[in-house]
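The values are calculated or read from the model by the stated rules, or taken from the named source; none is laboratory data. All values reported here derive from a predicted model rather than from experimental measurement. Neighbour counts run over all protein chains shown; Cβ positions are idealised from the backbone, glycine included.
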Amino acid sequence: MAVREIDAALVAELVREQFPRWGDLPVRAVARQGWDNRTFRLGGELAVRLPSGEGYVAAVAKEDRWLPVLAGRLPLPVPEPVGAGRPGAGYPFPWSVRRWLPGEPLDAAEGVDPAGVARDLGGFLTALRAAPAAGGPAAGRHCWFRGCHPSVYGDQVGRALDVLGDAVDAAACRAVWAAALTSAWAAAPVWFHGDVAPGNLLTVGGRLAAVIDFGTCGVGDPACDLVIAWTWLGPAERRVFRAAAGLDDDAWRRARGWALWKALATMAGLSGPDPAGHQAAVLRRVLADPVIG
């Protein structure tokens, strides 16, 4: 389905039509945009979030439904929906108005305390897992299978290794992948965020201040939320994160499998671009450091 260009003019028109009490507030795009959604500031206290395509529509409704339930149980702020928008003005999808959360994304912030971030993030994820999960969205296609068993991407790992050939240590990769498949989440399903990436972690004064973008959240195996151990944290901070986030060695082996899959799939051109070669560095860290024991 074709989507009208998502710009400030569209957002202003939608707001005037559906939320006239905010119709005079200025609209401006945020500097850093995600792939799944476009975000705009609405005045000084609000933000507007619009899916960029039909495949991302379910995430907005999921956030609007569950973020208010989770917010009061978490130690850090998360987006607070304050208005549910309807299709209009040539834009065909539902959209959302939330409270604006101040802060700089982790990967753009200066003066960050990595150990503090690791500790606070681990505590946040521990609290998220403890939130009541009854009736929550079971892991599946809506969250790109985050929260499922990593074997869901087994075929893609195999194809990636075939494509990459001698460019990677295939034997080491297969050993990590095999270890990831030897266990499964045996407890009751719990909440997971699904995209614990630096761009979704806001900092103020060098410390973690908020967690955003719950579009891939759900209820299932939380191992997928540990991948940041290899994508952003250094060796010492990985240990801090491990201690704060909890979970047993089996969960960390599955998490390592998730990180391996993403690195291989991206490097092989099967899962989005990586122009800076970031995932090759992630793969090196995955192979070198299991973060267990």
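A single entry from Val69, Val82 fulfils the requirement of being closer than 23 Å to Pro222 by Cβ and either at pLDDT 95 or above or within 18 Å of the chain's Cα centre (by Cα) (or both): Val69. Among all residues of the range 118-139, there is at least one that is outside any helix (DSSP H, G or I) and closer than 19 Å to Ala255 by Cα. In the set (1) free of Cβ contacts under 8 Å to residues at least 12 places away in the same chain; (2) crowded, with 16+ Cβ neighbours inside 10 Å, the condition left unmet by Asp166 is number (2).
Within the bounds of the range 153-170, is there any residue that is within 19 Å of Val291 (Cα to Cα) and assigned by TED's automatic domain parsing to the domain that holds Ala268? Before you say what the answer is, go through the steps one by one.
Let us first name the residues in the range 153-170 that are within 19 Å of Val291 (Cα to Cα), namely none.
Checked the range 153-170: no residue is within 19 Å of Val291 (Cα to Cα) and assigned by TED's automatic domain parsing to the domain that holds Ala268.
Going through (1) in a helix (DSSP H, G or I); (2) under 24 Å from Trp261 (Cβ atoms) one by one, Ala115 falls short only on (2).
Assessment of the range 55-77 against the conditions (under 24 Å from Gly136 (Cα atoms), in a helix (DSSP H, G or I), touching a residue at least 40 places away in the same chain (Cβ under 8 Å) and acidic (Asp, Glu)) yields at least one matching residue. Going by the conditions given, is Gly90 of a type outside the set (Asp, Glu) and at positive phi? Yes, satisfied.
Scan the range 202-209 and tell me whether some residue there is crowded, with 20+ Cβ neighbours inside 10 Å and among the polar types (S, T, N, Q). The answer is yes, given that some residue of the range 202-209 is crowded, with 20+ Cβ neighbours inside 10 Å and among the polar types (S, T, N, Q). Within the range 182-210, the set of residues being hydrophobic (A, V, I, L, M, F, W, C) and under 23 Å from Arg256 (Cα atoms) comprises Ala184, Trp185, Ala186, Ala187, Ala188, Val190, Trp191, Phe192, Val196, Ala197, Leu201.
Of all the residues in the range 25-42, those that are in contact with a Gly (Cβ under 9 Å, 6 or more places away or on another chain) and either in the same structural domain as Gly199 (by TED's automatic domain parsing) or not in a strand (DSSP E or B) (or both) number 6. Looking only at the range 224-242, how many residues end up being of a type outside the set (Asp, Glu) and within 13 Å of the chain's Cα centre (by Cα)? Of the residues in the range 224-242, 5 are of a type outside the set (Asp, Glu) and within 13 Å of the chain's Cα centre (by Cα). When you scan the range 216-226, do you find a residue that is out of contact with any Pro (no Cβ under 9 Å at 6 or more places or on another chain), outside any helix (DSSP H, G or I) and either surrounded by fewer than 22 Cβ atoms within 10 Å (Cβ to Cβ) or not hydrophobic (A, V, I, L, M, F, W, C) (or both), even just one? Yes; the residues of the range 216-226 include at least one that is out of contact with any Pro (no Cβ under 9 Å at 6 or more places or on another chain), outside any helix (DSSP H, G or I) and either surrounded by fewer than 22 Cβ atoms within 10 Å (Cβ to Cβ) or not hydrophobic (A, V, I, L, M, F, W, C) (or both).
Just a yes or no: is a residue in the range 60-67 closer than 22 Å to Pro20 by Cβ, in contact with a Ser or Thr (Cβ under 7 Å, 6 or more places away or on another chain) and buried (at least 18 other Cβ atoms within 10 Å of the Cβ)?
If we filter the range 60-67 for residues that are closer than 22 Å to Pro20 by Cβ, which is where we start, we get 60, 64.
Those left that are additionally in contact with a Ser or Thr (Cβ under 7 Å, 6 or more places away or on another chain): 60, 64.
Filter once more, so that each one left must be buried (at least 18 other Cβ atoms within 10 Å of the Cβ): 60, 64.
Yes: the range 60-67 contains one or more residues that are closer than 22 Å to Pro20 by Cβ, in contact with a Ser or Thr (Cβ under 7 Å, 6 or more places away or on another chain) and buried (at least 18 other Cβ atoms within 10 Å of the Cβ).
Candidates in the range 11-54 are the residues that are closer than 27 Å to Trp144 by Cβ and free of Cβ contacts under 8 Å to residues at least 12 places away in the same chain; of these, the one that is surrounded by the fewest Cβ atoms within 10 Å (Cβ to Cβ) is Ala31.
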